[in-house]
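Single-structure report; data block below.
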Amino acid sequence: MDTRPTLRIKSPADLLALVPSVLGFHPDESIVLVVTAGEAGQLHARLDLPRDEEEVVETVRVLRNAVSRAEARQVALIAYCVDEEPTRQVVDLLVLELELCGVDVMCAIRADGERWFSLDCVDGCCPLDGRRYDVSSHPFTAQAVLDGRVTYESREALADSLVGTDLDALEAVGESVDEAMRRLSAAARQPLGLESPDATRRHLVTEGYWVRERVRRYLRTREPLDDHDAGRLLVAITVIEVRDVAWAEMNRSNASTHVELWRGLVCRTPPDLLAAPSALLAFAAWQAGDGALAWCAVERCQEAAPDYGMAALVSQALAAAVHPSAWEPISVGELPLFAS
């Protein structure tokens, strides 16, 4: 039974304390939308503040479509910016578009890190010099700490958290990768893939079953990958068909545990093998509703392999603010690796 208290948004100060914990970092030069009442589940979205008219129109289009897909009835808008000028046009247009769609805008505010200012007050009740706020002492922030949620100071700090800094761990996994590569080469000394001769295929099928069982064991027990398992897994998922075995184990109910698995592995992965685990992390983060982490993982993947297909799939979903519920999980019967 979940005994955590229910946190309800009653004021802009509550909203400002909530946003960093759900995004995973303190936003800056951003527009954030939070659905406060809807049918398809919780939604939050963050985009960079637009700087010209074309970007304003595109930002409004993306957020409006996201709200529509989430079947939202009520939303809140926060523009994080020191100056009001870059925020006014996009907020005014977005409020108009949402209200035309029948969506109630609970509040629209600008926050500069110390004060918040109303962008939709028509009664003159809100002070022109804003109201002070302090997220560090707010009960929402305290609850996030109790729940074990880490909030980074910036998006850049969140991205940096995916870069491995433990040189001993990187070296140990690298040695295991070399060992796994030698075993693979022993099976067949030619390009990887299901079109390879029987010896290579048998090896890949064996690795596919092992990947499935190791991922399932992590989901059951959260048992960390030792260096041997980490290296073996990294080599196995360089083959798309084997990677998809791990992908098929993902769904929205276990996505947060997949995030733990792949995030931990990314930080121990040699640079030349980053594409596959980063892409799996990106997909898991999207399914878990953590769009900021998903974007950072996409970028990490694309640093290693700019044209990696799964990263492109996730980036398209994120850019269009597609709700994770739109994805139908892969079934084992769809996996070509296990086809007879």
Strands (runs of 3 or more DSSP E) within the stretch 6-95 that include 1 or more residues polar (S, T, N, Q) and open to solvent by less than 10 Å² (accessible area, probe 1.4 Å): 30-38
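Look through the stretch 106-141, keep the residues that are at pLDDT below 80 and open to solvent by 40 Å² or more (accessible area, probe 1.4 Å), and return whichever of them is nearest to ASP290 (Cα to Cα).
First, the residues of the stretch 106-141 that are at pLDDT below 80: 121-128.
Those left that are additionally open to solvent by 40 Å² or more (accessible area, probe 1.4 Å): 121-125, 127-128.
On the way: CYS121: 31, VAL122: 34, ASP123: 36, GLY124: 37, CYS125: 35, PRO127: 34, LEU128: 34 Å.
Going through the qualifying residues, I end up with CYS121.
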Considering the stretch 301-340, residues that are open to solvent by 40 Å² or more (accessible area, probe 1.4 Å) and either of a type in the set (Asp, Glu) or closer than 22 Å to HIS26 by Cα (or both), and then whichever is farthest from the chain's Cα centre (by Cα), we arrive at GLU334
How many of the residues in the stretch 12-65 are modelled with pLDDT of 90 or more and polar (S, T, N, Q)? 2
Regarding the stretch 204-224, can at least one residue be identified that is more than 20 Å from GLU175 (Cα to Cα), in contact with a Phe, Trp or Tyr (Cβ under 9 Å, 6 or more places away or on another chain), at pLDDT below 95 and surrounded by 20 or more Cβ atoms within 10 Å (Cβ to Cβ)? yes
What number goes with the only condition from (1) open to solvent by 20 Å² or more (accessible area, probe 1.4 Å); (2) over 21 Å from GLU179 (Cβ atoms); (3) hydrophobic (A, V, I, L, M, F, W, C) that TRP262 does not pass? (1)
Output the qualifying pairs, or none if there are none: Cβ atoms under 7 angstrom, residues six or more apart or on different chains, first residue in the stretch 198-210 and over 20 Å from GLY231 (Cβ atoms), second residue of a type outside the set (Val, Ile, Thr). ALA199/ALA187; ALA199/ALA188; ARG201/LEU194
All but one of (1) open to solvent by less than 20 Å² (accessible area, probe 1.4 Å); (2) closer than 25 Å to GLY148 by Cβ; (3) in contact with a strand residue (DSSP E or B) (Cβ under 7 Å, 6 or more places away or on another chain) hold for VAL103; state the number of the condition that does not hold. (2)
Selection from the stretch 126-142 of residues closer than 23 Å to ASP83 by Cβ and either touching a Cys at 6+ places or on another chain (Cβ under 7 Å) or in a loop (DSSP other than H, G, I, E, B) (or both) yields CYS126, PRO127, LEU128, ASP129, GLY130, TYR133, ASP134
Residue match in the stretch 170-177 (condition: surrounded by 12 or more Cβ atoms within 10 Å (Cβ to Cβ) and at pLDDT below 90): no
Tell me, please, whether a residue that is out of contact with any Ser or Thr (no Cβ under 7 Å at 6 or more places or on another chain) and open to solvent by 30 Å² or more (accessible area, probe 1.4 Å) can be found in the stretch 273-288. no
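Among the listed residues VAL145, VAL163, identify the single one that is assigned to a loop (DSSP other than H, G, I, E, B) and surrounded by fewer than 15 Cβ atoms within 10 Å (Cβ to Cβ). Show your work before the answer.
Values: VAL145 fails: assigned to a loop (DSSP other than H, G, I, E, B).
Every option except VAL163 fails the conditions.
The values are calculated or read from the model by the stated rules, or taken from the named source; none is laboratory data. Quick caveat: nothing in here was measured; it's all calculated off a predicted structure. Every residue, glycine as well, gets a Cβ built from its backbone with ideal geometry; the counts of neighbours run over all protein chains shown. Ligands, DNA and RNA are stripped out before the accessible areas are found, and what is left, the full protein with its side chains, is counted by its heavy atoms. Shrake-Rupley method; radii C 1.70, N 1.55, O 1.52, S 1.80 Å.
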